[in-house]
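Down below is the structure, laid out as C-alpha coordinates.
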Amino acid sequence: MLDALKEAATLCKSLFRNGYDAHVINAPLQQHLLGHADKLAVDLACEASYPVLVKVFPECKPASEDSRLTGILEKNGVLYRFYPLSVENSEHPELSLMRLTPTMAQTMTAEDRLNLRLTGFGGPAISDEPRPYDGFEPLACGEVKLAGLPDDTLRHNYLLAIRALRFAANFDLPLEENTKLAIIRASTRVLDYVPAADIMDEWRKVAAESMYLFVKYLFETHLLQGLIPEVAALSCLRHYRNKKSTETEDLLTHTIACMRYYAEGSFHYDWLGTMAVMFHDVGKLYTAEYIDGDWTYYQHHRVGAQVTRKILRRLHFAAEDIDLICHLVRYHMHFHFMMTDRGIRRFMALDEYPRLIEIAKADIQARDDVYTSFNHNMKYLNRAETPEQMLEPLLNGNEIMQEARLKPGPLVGLIRDALLQAQIAGDVTDVESAKLFVKKYAEGIG
(Lines give C-alpha, C1' and ligand atoms only; values in the text may rest on other atoms or scores of the structure.)
Protein backbone atom coordinates (compact mmCIF):
# COMPACT_ATOMS: atom_id res chain seq x y z
CA MET A 1 0.00 0.00 0.00
CA LEU A 2 2.67 2.53 1.04
CA ASP A 3 5.00 1.25 -1.67
CA ALA A 4 2.34 2.10 -4.26
CA LEU A 5 2.16 5.70 -3.04
CA LYS A 6 5.95 5.97 -2.90
CA GLU A 7 6.18 4.73 -6.49
CA ALA A 8 3.50 7.25 -7.49
CA ALA A 9 5.60 10.03 -5.94
CA THR A 10 8.60 8.75 -7.93
CA LEU A 11 6.58 8.96 -11.15
CA CYS A 12 5.67 12.57 -10.30
CA LYS A 13 9.34 13.40 -9.76
CA SER A 14 10.18 11.93 -13.17
CA LEU A 15 7.65 14.24 -14.78
CA PHE A 16 9.02 17.21 -12.80
CA ARG A 17 12.52 16.48 -14.09
CA ASN A 18 11.13 16.63 -17.61
CA GLY A 19 9.50 20.00 -16.97
CA TYR A 20 5.90 18.92 -16.30
CA ASP A 21 3.95 19.50 -13.11
CA ALA A 22 2.41 16.47 -11.37
CA HIS A 23 1.15 15.30 -7.97
CA VAL A 24 -0.61 12.42 -6.23
CA ILE A 25 -4.28 13.30 -5.83
CA ASN A 26 -5.38 13.44 -2.18
CA ALA A 27 -2.76 11.02 -0.86
CA PRO A 28 -4.36 10.56 2.63
CA LEU A 29 -7.68 9.47 1.10
CA GLN A 30 -5.98 7.16 -1.38
CA GLN A 31 -3.97 5.57 1.41
CA HIS A 32 -7.25 4.80 3.20
CA LEU A 33 -8.83 3.38 0.01
CA LEU A 34 -5.79 1.22 -0.78
CA GLY A 35 -6.20 -0.50 2.56
CA HIS A 36 -9.58 -1.88 1.47
CA ALA A 37 -9.08 -2.26 -2.29
CA ASP A 38 -9.06 -5.62 -4.11
CA LYS A 39 -6.78 -4.23 -6.83
CA LEU A 40 -4.18 -1.57 -6.06
CA ALA A 41 -4.62 1.63 -8.07
CA VAL A 42 -3.36 5.17 -7.57
CA ASP A 43 -4.63 8.34 -9.26
CA LEU A 44 -2.21 11.09 -10.28
CA ALA A 45 -2.69 14.49 -11.89
CA CYS A 46 -0.15 15.66 -14.45
CA GLU A 47 0.39 18.50 -16.88
CA ALA A 48 1.82 16.22 -19.58
CA SER A 49 -0.27 15.02 -22.52
CA TYR A 50 -0.41 11.36 -23.58
CA PRO A 51 2.38 11.64 -26.22
CA VAL A 52 4.65 13.11 -23.56
CA LEU A 53 3.73 10.39 -21.06
CA VAL A 54 4.71 7.71 -23.58
CA LYS A 55 8.13 9.33 -24.06
CA VAL A 56 8.75 9.49 -20.30
CA PHE A 57 7.09 6.11 -19.52
CA PRO A 58 7.22 3.83 -22.59
CA GLU A 59 4.90 1.30 -20.88
CA CYS A 60 2.11 3.91 -20.64
CA LYS A 61 -1.11 3.09 -22.53
CA PRO A 62 -4.16 5.13 -23.51
CA ALA A 63 -7.29 4.75 -21.38
CA SER A 64 -9.79 3.98 -24.07
CA GLU A 65 -12.55 3.10 -21.58
CA ASP A 66 -12.42 6.50 -19.88
CA SER A 67 -11.91 9.64 -21.92
CA ARG A 68 -11.27 11.65 -18.77
CA LEU A 69 -7.93 9.92 -18.26
CA THR A 70 -4.74 11.05 -20.00
CA GLY A 71 -3.20 7.58 -19.76
CA ILE A 72 -2.65 4.53 -17.56
CA LEU A 73 0.48 2.71 -16.44
CA GLU A 74 0.67 -0.70 -14.79
CA LYS A 75 3.80 -1.37 -12.78
CA ASN A 76 4.57 -4.02 -10.16
CA GLY A 77 0.92 -5.00 -9.92
CA VAL A 78 -0.29 -1.42 -9.31
CA LEU A 79 -2.38 0.56 -11.81
CA TYR A 80 -1.42 4.24 -12.07
CA ARG A 81 -4.09 6.46 -13.63
CA PHE A 82 -3.06 9.87 -14.98
CA TYR A 83 -5.66 12.66 -14.91
CA PRO A 84 -5.11 16.00 -16.63
CA LEU A 85 -3.87 18.73 -14.31
CA SER A 86 -5.86 21.93 -14.82
CA VAL A 87 -5.99 24.89 -12.46
CA GLU A 88 -8.48 27.23 -14.07
CA ASN A 89 -8.67 30.95 -13.48
CA SER A 90 -11.94 31.14 -11.60
CA GLU A 91 -13.87 33.09 -9.00
CA HIS A 92 -13.12 30.35 -6.44
CA PRO A 93 -9.57 29.14 -7.18
CA GLU A 94 -9.54 27.03 -4.02
CA LEU A 95 -12.12 24.74 -5.68
CA SER A 96 -10.01 24.13 -8.79
CA LEU A 97 -7.56 21.75 -7.07
CA MET A 98 -8.62 18.16 -7.73
CA ARG A 99 -9.21 16.28 -4.46
CA LEU A 100 -11.45 13.43 -5.62
CA THR A 101 -11.57 11.59 -8.92
CA PRO A 102 -14.51 9.60 -10.33
CA THR A 103 -12.54 6.35 -10.05
CA MET A 104 -11.75 7.07 -6.39
CA ALA A 105 -15.41 7.79 -5.69
CA GLN A 106 -16.48 4.46 -7.23
CA THR A 107 -14.24 2.48 -4.88
CA MET A 108 -15.47 4.23 -1.75
CA THR A 109 -17.81 2.45 0.64
CA ALA A 110 -21.06 3.96 1.90
CA GLU A 111 -19.35 4.73 5.22
CA ASP A 112 -16.49 6.48 3.42
CA ARG A 113 -18.95 8.62 1.52
CA LEU A 114 -20.88 9.47 4.68
CA ASN A 115 -17.70 10.54 6.42
CA LEU A 116 -16.57 12.60 3.44
CA ARG A 117 -19.96 14.36 3.12
CA LEU A 118 -19.88 13.96 -0.65
CA THR A 119 -22.68 13.52 -3.16
CA GLY A 120 -22.76 12.59 -6.83
CA PHE A 121 -20.44 10.25 -8.74
CA GLY A 122 -23.28 7.73 -8.89
CA GLY A 123 -22.67 6.43 -5.36
CA PRO A 124 -25.13 5.69 -2.59
CA ALA A 125 -27.10 8.53 -1.04
CA ILE A 126 -25.84 10.16 2.14
CA SER A 127 -27.82 9.44 5.27
CA ASP A 128 -29.51 12.40 6.96
CA GLU A 129 -29.50 10.73 10.35
CA PRO A 130 -27.98 13.15 12.90
CA ARG A 131 -24.87 12.06 14.79
CA PRO A 132 -23.25 13.37 17.98
CA TYR A 133 -20.54 15.91 17.13
CA ASP A 134 -21.74 15.87 13.55
CA GLY A 135 -18.98 16.84 11.14
CA PHE A 136 -16.14 15.67 13.38
CA GLU A 137 -14.11 12.52 13.77
CA PRO A 138 -14.51 10.89 17.21
CA LEU A 139 -12.58 12.84 19.85
CA ALA A 140 -11.17 9.53 21.03
CA CYS A 141 -8.62 9.85 18.23
CA GLY A 142 -6.81 12.36 20.48
CA GLU A 143 -7.27 15.49 18.37
CA VAL A 144 -10.03 17.69 17.01
CA LYS A 145 -10.47 16.74 13.39
CA LEU A 146 -13.16 17.58 10.86
CA ALA A 147 -14.62 14.49 9.20
CA GLY A 148 -13.70 13.64 5.63
CA LEU A 149 -12.11 16.37 3.55
CA PRO A 150 -11.96 19.33 5.98
CA ASP A 151 -12.47 21.98 3.29
CA ASP A 152 -15.56 20.25 1.89
CA THR A 153 -16.96 19.58 5.37
CA LEU A 154 -16.61 23.26 6.25
CA ARG A 155 -18.45 24.31 3.10
CA HIS A 156 -21.51 22.45 4.36
CA ASN A 157 -21.46 24.38 7.66
CA TYR A 158 -18.95 27.16 8.31
CA LEU A 159 -19.99 27.28 11.97
CA LEU A 160 -18.02 24.04 12.39
CA ALA A 161 -14.85 26.16 12.31
CA ILE A 162 -15.83 27.92 15.56
CA ARG A 163 -17.06 24.65 17.05
CA ALA A 164 -13.73 22.97 16.28
CA LEU A 165 -11.89 25.68 18.21
CA ARG A 166 -14.35 25.31 21.09
CA PHE A 167 -13.76 21.55 21.27
CA ALA A 168 -9.98 22.05 21.14
CA ALA A 169 -10.11 24.58 23.99
CA ASN A 170 -12.64 22.86 26.25
CA PHE A 171 -11.17 19.37 25.90
CA ASP A 172 -7.54 20.59 25.75
CA LEU A 173 -6.95 18.63 22.55
CA PRO A 174 -4.69 19.64 19.66
CA LEU A 175 -6.28 20.89 16.47
CA GLU A 176 -5.49 18.50 13.61
CA GLU A 177 -3.23 20.27 11.13
CA ASN A 178 -5.37 19.79 8.00
CA THR A 179 -8.42 20.94 9.95
CA LYS A 180 -6.51 24.02 11.10
CA LEU A 181 -5.41 24.78 7.54
CA ALA A 182 -8.98 24.41 6.28
CA ILE A 183 -10.21 26.89 8.90
CA ILE A 184 -7.47 29.36 7.96
CA ARG A 185 -8.35 29.05 4.27
CA ALA A 186 -12.04 29.53 5.03
CA SER A 187 -11.59 32.28 7.66
CA THR A 188 -13.03 35.08 5.52
CA ARG A 189 -16.02 32.97 4.49
CA VAL A 190 -16.64 31.93 8.10
CA LEU A 191 -16.89 35.60 9.05
CA ASP A 192 -18.96 36.42 5.97
CA TYR A 193 -21.52 33.63 6.31
CA VAL A 194 -21.78 32.95 10.05
CA PRO A 195 -23.68 35.64 12.00
CA ALA A 196 -21.85 37.18 14.95
CA ALA A 197 -24.69 36.05 17.24
CA ASP A 198 -24.09 32.40 16.24
CA ILE A 199 -20.35 32.77 16.83
CA MET A 200 -21.01 34.19 20.29
CA ASP A 201 -23.43 31.34 21.07
CA GLU A 202 -20.54 28.92 20.49
CA TRP A 203 -18.13 31.17 22.42
CA ARG A 204 -20.40 31.18 25.49
CA LYS A 205 -20.04 27.40 25.66
CA VAL A 206 -16.28 27.78 26.21
CA ALA A 207 -15.37 27.33 29.88
CA ALA A 208 -13.78 30.35 31.55
CA GLU A 209 -10.65 28.29 32.31
CA SER A 210 -10.33 27.45 28.58
CA MET A 211 -11.06 30.93 27.25
CA TYR A 212 -7.39 31.83 26.83
CA LEU A 213 -6.87 28.81 24.56
CA PHE A 214 -9.97 29.64 22.53
CA VAL A 215 -8.75 33.21 21.90
CA LYS A 216 -5.30 31.88 21.02
CA TYR A 217 -6.83 29.52 18.44
CA LEU A 218 -9.02 32.32 17.06
CA PHE A 219 -5.89 34.39 16.44
CA GLU A 220 -3.89 31.51 14.95
CA THR A 221 -6.68 30.70 12.48
CA HIS A 222 -7.09 34.39 11.50
CA LEU A 223 -10.65 34.55 12.80
CA LEU A 224 -9.92 36.99 15.63
CA GLN A 225 -8.47 39.45 13.11
CA GLY A 226 -11.86 39.72 11.42
CA LEU A 227 -14.12 39.23 14.42
CA ILE A 228 -12.41 41.58 16.92
CA PRO A 229 -9.59 43.33 15.02
CA GLU A 230 -9.05 45.73 17.93
CA VAL A 231 -7.87 42.85 20.15
CA ALA A 232 -5.92 41.09 17.39
CA ALA A 233 -4.03 44.33 16.70
CA LEU A 234 -2.53 44.17 20.21
CA SER A 235 -0.05 41.68 18.72
CA CYS A 236 1.61 44.69 17.05
CA LEU A 237 2.21 46.55 20.34
CA ARG A 238 4.84 45.72 22.93
CA HIS A 239 5.74 46.50 26.53
CA TYR A 240 8.41 45.55 29.04
CA ARG A 241 7.38 42.44 30.93
CA ASN A 242 7.95 44.16 34.27
CA LYS A 243 9.72 47.10 35.86
CA LYS A 244 13.05 45.29 36.24
CA SER A 245 13.13 43.46 32.91
CA THR A 246 14.58 44.59 29.58
CA GLU A 247 12.64 41.83 27.84
CA THR A 248 9.56 42.89 25.86
CA GLU A 249 6.47 40.98 24.80
CA ASP A 250 3.52 41.77 22.58
CA LEU A 251 0.32 42.81 24.30
CA LEU A 252 -1.80 40.02 22.84
CA THR A 253 0.49 37.41 24.39
CA HIS A 254 0.22 39.30 27.69
CA THR A 255 -3.58 39.48 27.39
CA ILE A 256 -3.91 35.74 26.78
CA ALA A 257 -1.66 35.03 29.78
CA CYS A 258 -3.80 37.34 31.95
CA MET A 259 -6.93 35.45 30.90
CA ARG A 260 -5.30 32.19 31.93
CA TYR A 261 -4.20 33.41 35.38
CA TYR A 262 -7.52 35.14 36.10
CA ALA A 263 -9.49 31.94 35.44
CA GLU A 264 -7.04 29.92 37.56
CA GLY A 265 -7.75 32.11 40.60
CA SER A 266 -10.83 32.61 42.72
CA PHE A 267 -13.04 33.32 39.70
CA HIS A 268 -12.46 30.15 37.70
CA TYR A 269 -16.17 30.07 36.79
CA ASP A 270 -16.33 33.74 35.75
CA TRP A 271 -16.97 33.88 31.99
CA LEU A 272 -17.80 37.60 31.93
CA GLY A 273 -14.81 38.49 34.09
CA THR A 274 -12.51 36.54 31.77
CA MET A 275 -14.03 38.35 28.81
CA ALA A 276 -13.29 41.66 30.56
CA VAL A 277 -9.65 40.59 30.97
CA MET A 278 -9.47 40.03 27.21
CA PHE A 279 -10.45 43.68 26.71
CA HIS A 280 -8.50 45.20 29.62
CA ASP A 281 -5.67 46.49 27.40
CA VAL A 282 -7.63 47.16 24.20
CA GLY A 283 -7.43 50.91 24.88
CA LYS A 284 -3.65 50.77 24.44
CA LEU A 285 -4.18 50.47 20.68
CA TYR A 286 -5.64 54.01 20.70
CA THR A 287 -3.43 55.62 23.36
CA ALA A 288 -0.05 54.17 22.33
CA GLU A 289 2.86 56.55 21.83
CA TYR A 290 6.47 55.61 21.10
CA ILE A 291 8.76 58.19 22.70
CA ASP A 292 12.53 57.94 23.22
CA GLY A 293 12.58 54.20 22.61
CA ASP A 294 9.74 53.38 24.98
CA TRP A 295 5.98 52.84 24.74
CA THR A 296 3.44 54.78 26.78
CA TYR A 297 -0.29 54.04 27.09
CA TYR A 298 -1.65 56.81 29.32
CA GLN A 299 -5.37 56.60 30.19
CA HIS A 300 -5.78 53.37 28.25
CA HIS A 301 -8.30 52.11 30.82
CA ARG A 302 -10.70 54.98 30.21
CA VAL A 303 -10.42 54.80 26.42
CA GLY A 304 -10.54 51.00 26.56
CA ALA A 305 -13.90 51.02 28.34
CA GLN A 306 -15.41 53.13 25.56
CA VAL A 307 -13.92 50.98 22.80
CA THR A 308 -15.08 47.81 24.55
CA ARG A 309 -18.66 49.08 24.71
CA LYS A 310 -18.68 49.61 20.95
CA ILE A 311 -17.23 46.14 20.29
CA LEU A 312 -19.69 44.37 22.59
CA ARG A 313 -22.64 46.07 20.95
CA ARG A 314 -21.33 44.86 17.60
CA LEU A 315 -21.19 41.32 19.01
CA HIS A 316 -24.80 41.56 20.31
CA PHE A 317 -24.02 41.29 24.03
CA ALA A 318 -26.83 41.94 26.50
CA ALA A 319 -26.90 45.46 27.95
CA GLU A 320 -26.23 44.34 31.53
CA ASP A 321 -23.24 42.25 30.41
CA ILE A 322 -21.84 45.21 28.48
CA ASP A 323 -22.12 47.44 31.56
CA LEU A 324 -20.33 44.90 33.75
CA ILE A 325 -17.45 44.23 31.34
CA CYS A 326 -16.92 47.94 30.58
CA HIS A 327 -16.96 48.72 34.32
CA LEU A 328 -14.17 46.18 34.93
CA VAL A 329 -12.13 47.57 32.04
CA ARG A 330 -12.63 51.14 33.24
CA TYR A 331 -11.39 50.52 36.80
CA HIS A 332 -8.89 47.67 36.33
CA MET A 333 -5.88 49.96 36.98
CA HIS A 334 -7.00 51.22 40.42
CA PHE A 335 -5.47 48.39 42.45
CA HIS A 336 -2.07 48.66 40.74
CA PHE A 337 -0.99 51.70 42.80
CA MET A 338 -0.35 52.03 46.53
CA MET A 339 -3.47 53.54 48.06
CA THR A 340 -4.08 55.38 51.30
CA ASP A 341 -6.84 54.43 53.73
CA ARG A 342 -9.11 56.90 52.05
CA GLY A 343 -8.19 55.53 48.61
CA ILE A 344 -8.91 51.97 49.70
CA ARG A 345 -12.30 53.00 51.03
CA ARG A 346 -13.16 54.67 47.74
CA PHE A 347 -11.98 51.55 45.91
CA MET A 348 -14.18 49.31 48.06
CA ALA A 349 -17.16 51.49 47.16
CA LEU A 350 -16.78 50.38 43.52
CA ASP A 351 -19.03 47.62 42.25
CA GLU A 352 -17.31 44.26 41.67
CA TYR A 353 -14.13 45.30 43.49
CA PRO A 354 -13.17 41.64 44.26
CA ARG A 355 -13.05 41.01 40.51
CA LEU A 356 -10.88 44.10 40.05
CA ILE A 357 -8.45 42.76 42.66
CA GLU A 358 -8.27 39.41 40.83
CA ILE A 359 -7.62 41.17 37.50
CA ALA A 360 -4.75 43.12 39.08
CA LYS A 361 -3.31 39.90 40.49
CA ALA A 362 -3.55 38.15 37.10
CA ASP A 363 -1.81 41.11 35.46
CA ILE A 364 1.09 40.85 37.93
CA GLN A 365 1.35 37.08 37.42
CA ALA A 366 1.36 37.43 33.64
CA ARG A 367 4.20 39.94 33.79
CA ASP A 368 6.11 38.17 36.56
CA ASP A 369 6.12 41.53 38.33
CA VAL A 370 6.61 42.46 42.00
CA TYR A 371 3.73 42.37 44.50
CA THR A 372 4.80 45.40 46.57
CA SER A 373 1.82 47.62 45.78
CA PHE A 374 -0.58 44.69 45.67
CA ASN A 375 0.42 43.43 49.14
CA HIS A 376 0.28 46.96 50.56
CA ASN A 377 -3.27 47.40 49.30
CA MET A 378 -4.35 43.99 50.57
CA LYS A 379 -3.20 44.93 54.10
CA TYR A 380 -5.11 48.19 53.92
CA LEU A 381 -8.22 46.31 52.79
CA ASN A 382 -8.41 44.65 56.22
CA ARG A 383 -8.02 47.96 57.99
CA ALA A 384 -10.65 49.55 55.78
CA GLU A 385 -13.33 47.74 57.75
CA THR A 386 -12.83 50.47 60.39
CA PRO A 387 -15.83 52.86 60.49
CA GLU A 388 -15.61 55.94 58.28
CA GLN A 389 -15.46 58.35 61.25
CA MET A 390 -12.11 56.86 62.23
CA LEU A 391 -10.46 58.54 59.26
CA GLU A 392 -9.80 61.63 61.43
CA PRO A 393 -7.84 61.51 64.74
CA LEU A 394 -9.74 62.09 67.98
CA LEU A 395 -7.44 65.04 68.83
CA ASN A 396 -6.62 67.94 66.56
CA GLY A 397 -3.22 69.61 66.32
CA ASN A 398 -3.82 72.16 69.07
CA GLU A 399 -5.03 69.48 71.47
CA ILE A 400 -1.99 67.30 70.69
CA MET A 401 0.37 70.24 71.39
CA GLN A 402 -1.46 70.95 74.66
CA GLU A 403 -1.36 67.33 75.90
CA ALA A 404 2.25 66.72 74.80
CA ARG A 405 3.41 70.25 75.72
CA LEU A 406 4.90 70.83 72.30
CA LYS A 407 5.44 73.83 70.08
CA PRO A 408 4.24 73.86 66.44
CA GLY A 409 6.48 71.72 64.23
CA PRO A 410 6.80 68.47 62.28
CA LEU A 411 6.69 66.43 65.49
CA VAL A 412 3.00 67.32 65.90
CA GLY A 413 2.20 65.79 62.51
CA LEU A 414 4.18 62.66 63.38
CA ILE A 415 2.21 62.18 66.59
CA ARG A 416 -1.08 62.86 64.75
CA ASP A 417 -0.34 60.09 62.18
CA ALA A 418 0.61 57.68 64.97
CA LEU A 419 -2.64 58.48 66.80
CA LEU A 420 -4.66 57.82 63.64
CA GLN A 421 -2.96 54.47 63.11
CA ALA A 422 -3.66 53.52 66.73
CA GLN A 423 -7.34 54.40 66.26
CA ILE A 424 -7.57 52.26 63.10
CA ALA A 425 -5.85 49.37 64.88
CA GLY A 426 -8.34 49.66 67.77
CA ASP A 427 -5.75 50.59 70.42
CA VAL A 428 -7.39 53.99 70.93
CA THR A 429 -11.18 54.17 71.21
CA ASP A 430 -12.09 57.48 72.93
CA VAL A 431 -10.75 60.95 73.74
CA GLU A 432 -9.31 59.96 77.12
CA SER A 433 -7.35 57.03 75.70
CA ALA A 434 -6.22 59.34 72.86
CA LYS A 435 -4.81 61.87 75.37
CA LEU A 436 -2.99 59.11 77.21
CA PHE A 437 -1.55 57.76 73.93
CA VAL A 438 -0.27 61.20 72.91
CA LYS A 439 1.48 61.77 76.23
CA LYS A 440 3.19 58.35 76.16
CA TYR A 441 4.17 58.70 72.51
CA ALA A 442 5.70 62.14 73.13
CA GLU A 443 7.64 60.83 76.11
CA GLY A 444 8.86 57.86 74.05
CA ILE A 445 10.41 60.07 71.37
CA GLY A 446 11.97 62.38 73.95
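The values are calculated or read from the model by the stated rules, or taken from the named source; none is laboratory data. None of the values given here were measured: they were computed from a predicted structure. Note that we place each Cβ from the backbone using ideal geometry, even for glycine, and neighbour counts take in every protein chain shown. When the accessible area is computed, the model is the full protein with side chains, heavy atoms only, and any ligands, DNA or RNA have been set aside. Shrake-Rupley method; radii C 1.70, N 1.55, O 1.52, S 1.80 Å.
A few comments on the model shown:
- Heavy-atom accessible area for VAL370, with the other protein chains in place and a 1.4 Å probe, reaches approximately 70 Å².
- Helical runs (DSSP H, four residues minimum) scored at -39500 (n - 2.57) apiece and divided by the length of the chain put the mean residue ellipticity at 222 nm at -15000 deg cm²/dmol.
- Listed residues TYR298, TYR212 arranged by accessible area, highest first, probe 1.4 Å: TYR298, TYR212
- With DNA, RNA and ligands ignored, accessible area of MET378 (1.4 Å probe; Å², nearest 10): 70
- The chain, relative contact order in percent, only Cα pairs under 8 angstrom and at least six apart counted: 7
- In terms of its alpha-carbon gyration tensor, the chain comes out prolate; a/c meets the 1.5 threshold, and the first ratio a/b outweighs b/c.
- Accessible surface comparison of TRP271, TRP203, probe 1.4 Å, protein chains only, largest first: the order is TRP271, TRP203.
- Accessible area of the chain belonging to carbon and sulfur atoms, whole % at 1.4 Å probe: 51
- Gyration tensor verdict on region 229-323 (Cα atoms; rounded if a/c is under 1.5, prolate if a/b is larger than b/c, oblate otherwise): oblate
- Against the criterion of solvent-accessible heavy-atom surface with a 1.4 angstrom probe, TYR371, TYR217, TYR83 sort, most first, into TYR371, TYR217, TYR83.
- Placed amide H near LEU237: partners under 5 Å, 5+ positions off or other chain: LEU251, LEU252
- Among the GluC sites (Glu not before Pro) in region 180-282, those placed in a DSSP loop whose Cβ has at most 15 other Cβ atoms within 10 Å are GLU247.
- Surface per residue (accessible, 1.4 Å probe) for the chain, Å²: 52
- Neighbours of ASP369, meaning other residues whose beta-carbon lies under 11 angstrom from its beta-carbon, give a summed charge of +3 when Lys and Arg score +1 and Asp and Glu score -1.
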